[in-house]
Amino acid sequence: MFLSLLIIVSLPSCLLRQAPLPVVVNTWPFKGAAAAAWSVLRSGGSVLDAVEKGCARCEEEQCDGTVGFGGSPDESGETTLDAMIMNGNTMEVGAVADLRRIKNAIGVARAVMEHTEHTMLVGESASLFAENMGFVAEDLTTDKSLNIFSQWLKGNCQPNYRKNVSPDSSKSCGPYRPEAEQEQNEGPRHVNIHSHDTIGMIALDQNGHVAAGTSTNGLNHKVPGRVGDSPIIGAGAYADSSAGAAAATGDGDIMMRFLPSYLAVELMRAGADPSAACKSAISRIKRHYSDFFGAIICANITGHYGAACNKAPGLTEFHFMVSNSESDTPVLKSVGCF
Ligand code: ASP
């Protein structure tokens, strides 16, 4: 009796209670995306469809200008897209990176998963694959992205992600060459609340099927060819129906070095509740990059969820959406950063 009481007291509360299922959690206050995913799930659709439709809604709505076409032009003015989708039952993944001229990046990621034996396609070849699969090729540039690009050129190409180059990338536009070793200089990171965002979405159904996905146009003024964390499995998102799912957003160049989504899922497998798992994944990065810009959402297979973010300039609180049967409509939640 005493022993069983002890065991109950020491188990995390999330393992004792079942939370409402199905549930969808997504990064940032992207309400349209949450509503699109929730309407798929509540009408009996699959978690993969929910994640795909939710992220696709953000691509259409150009959520924050940081998902889909017409946002985050690179150094040459082009918008390129990164996306992934993961099936936590089969561990299949489809991902695309540096995708050009195709608006529906998460749709192409799903096509990679369902119509190839591969996991990730990139660049021009990913666009060609998409066209062959019936996706329409169109210019992703808009007046807004052209304007962001021309302002950047007028401002001597600032902010700028090059380092150790000549001419000095903190003052001048390129073309750049490598700088002589003795003059090398790290330069500041320019990632802040205005330069990026990603829709990251995780979904669980009543049968214990878990899925995750992401879609983004990456960082404003990135070096052409730059791929962020969003399409990288275990970094941008991860799903395993035997443990849970997680999705990350923020400074992908830093965050992908730590596979935070994979780490959070493994911590939940080991019994950590979702908030603690999210926090530990952020702490791991913080140890090396104390003021990195980033956040993560987590959910375990009992339907409990959590989120965490690193306190950084411009990020003291992180907003995310939760949709489940408790309110039957997506609810905006927030967590204080630490
Ligand atoms: N993680 C994305 C990237 O680095 C951007 C973001 O989520 O804010 O491409």
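The values are calculated or read from the model by the stated rules, or taken from the named source; none is laboratory data. None of the values given here were measured: they were computed from a predicted structure. Glycine also receives a Cβ, built like all others from the backbone with ideal geometry; neighbour counts cover every protein chain displayed.
Quick one: in segment 117-141, which of the residues that are under 23 Å from the mean Cα position of the chain (by Cα) and more than 18 Å from VAL227 (Cβ to Cβ) is surrounded by the most Cβ atoms within 10 Å (Cβ to Cβ)?
Filtering first and then ranking leaves PHE135.
Cβ-Cβ distance below 9 Å, separation of 6 or more or different chains: which pairs start in segment 164-189 with a residue that is on the phi > 0 side of the Ramachandran plot and end on one that is of a type in the set (Lys, Arg) and modelled with pLDDT of 65 or more?
Every condition considered, the pairs that remain are GLY187/ARG162; GLY187/LYS163.
Pairs only if they're at least six apart or on different chains, beta carbon under 8 angstrom, first in segment 81-104 and at positive phi, second more than 16 Å from the ligand (Cβ to nearest atom) and in a loop (DSSP other than H, G, I, E, B); list them, first residue then second.
Correct list of pairs: ARG101/ALA137; ARG101/GLU138; ARG101/ASP139.
From the list GLY228, GLY218, GLY252, GLY236, pick out the single residue that is without any contact (Cβ under 8 Å) to a residue 60 or more places away in the chain, of a type outside the set (Asp, Glu) and within 12 Å of the ligand (Cβ to nearest atom).
Working: GLY228 fails: without any contact (Cβ under 8 Å) to a residue 60 or more places away in the chain; GLY218 fails: without any contact (Cβ under 8 Å) to a residue 60 or more places away in the chain; GLY236 fails: without any contact (Cβ under 8 Å) to a residue 60 or more places away in the chain.
It is GLY252.
Condition first: over 18 Å from the mean Cα position of the chain (by Cα) and either assigned to a loop (DSSP other than H, G, I, E, B) or crowded, with 21+ Cβ neighbours inside 10 Å (or both). Can you find one or more residues in segment 45-66 that meet it?
The initial filter retains those residues of segment 45-66 that are over 18 Å from the mean Cα position of the chain (by Cα), namely 45-46.
Cutting the leftovers down to either assigned to a loop (DSSP other than H, G, I, E, B) or crowded, with 21+ Cβ neighbours inside 10 Å (or both) gives us 45-46.
Looking for residues that are over 18 Å from the mean Cα position of the chain (by Cα) and either assigned to a loop (DSSP other than H, G, I, E, B) or crowded, with 21+ Cβ neighbours inside 10 Å (or both), one finds at least one in segment 45-66, hence yes.
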